[in-house]
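For reference, the structure discussed in these notes is given below.
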Amino acid sequence: MARSVKVNKKKVTPPNAFQRQANELDKAYNTIKGYFQKWIPLLGLENWSIKDRYHMTFKDGGSGNDTLADAGGYWEYMSGHVNFYLPAMIDASTDWESVVIHELCHFVVMEMRNPDNPISPHEERVVSMLENAFMRIGAEPKKK
């Protein structure tokens, strides 16, 4: 036999903590989306079809670290996607613009991948160096 409970159908306002979290997620989404749209043409990727995906969950990156973002795609078709894990992005002290640049740089060098080892430490190193260079010449100045 199912147990029934009377439900009050009044509108419930979420507590401040939930509203703060919703505001943080909204701010993260809008900021990251803006950087994504800014850097696609600056990196010469405007002819690619790259989708940005936003997740409200954490992704275990191994070694006790959460993944902030990851990228995947098919260089031969000039298509791909970038996953952004918003809770991890909010918790991290990393600059969001640098994360966007880093993930988009994977598409710049993707054609050099070895089919047997999709993302090598070498690719990560090259992408990190490109990220640092682009941050120096094209990132928005930090607000104080």
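Please treat every number below as a calculation from the coordinates, not as lab data. Model, not experiment: these values are computed from the prediction. Ideal geometry is used to build each Cβ from the backbone, glycine not excepted, and the neighbour counts take in all protein chains shown.
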Restricting attention to strands (runs of 3 or more DSSP E) lying wholly within segment 27-109, give those where 3 or more residues are over 20 Å from MET135 (Cα atoms) and in contact with a helix residue (DSSP H, G or I) (Cβ under 7 Å, 6 or more places away or on another chain).
49-55
When segment 33-56 is checked residue by residue, the ones that are aliphatic (A, V, I, L, M) and touching a residue at least 60 places away in the same chain (Cβ under 8 Å) are ILE40, LEU42, LEU43, LEU45
Can you find even one residue in segment 126-135 that is in contact with a strand residue (DSSP E or B) (Cβ under 6 Å, 6 or more places away or on another chain) and buried (at least 20 other Cβ atoms within 10 Å of the Cβ)?
no
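Working carefully through the options SER49, SER93, find the one that is more than 19 Å from ILE119 (Cβ to Cβ), in contact with a Ser or Thr (Cβ under 9 Å, 6 or more places away or on another chain) and surrounded by fewer than 16 Cβ atoms within 10 Å (Cβ to Cβ).
Within the list SER49, SER93, the selection yields SER49.
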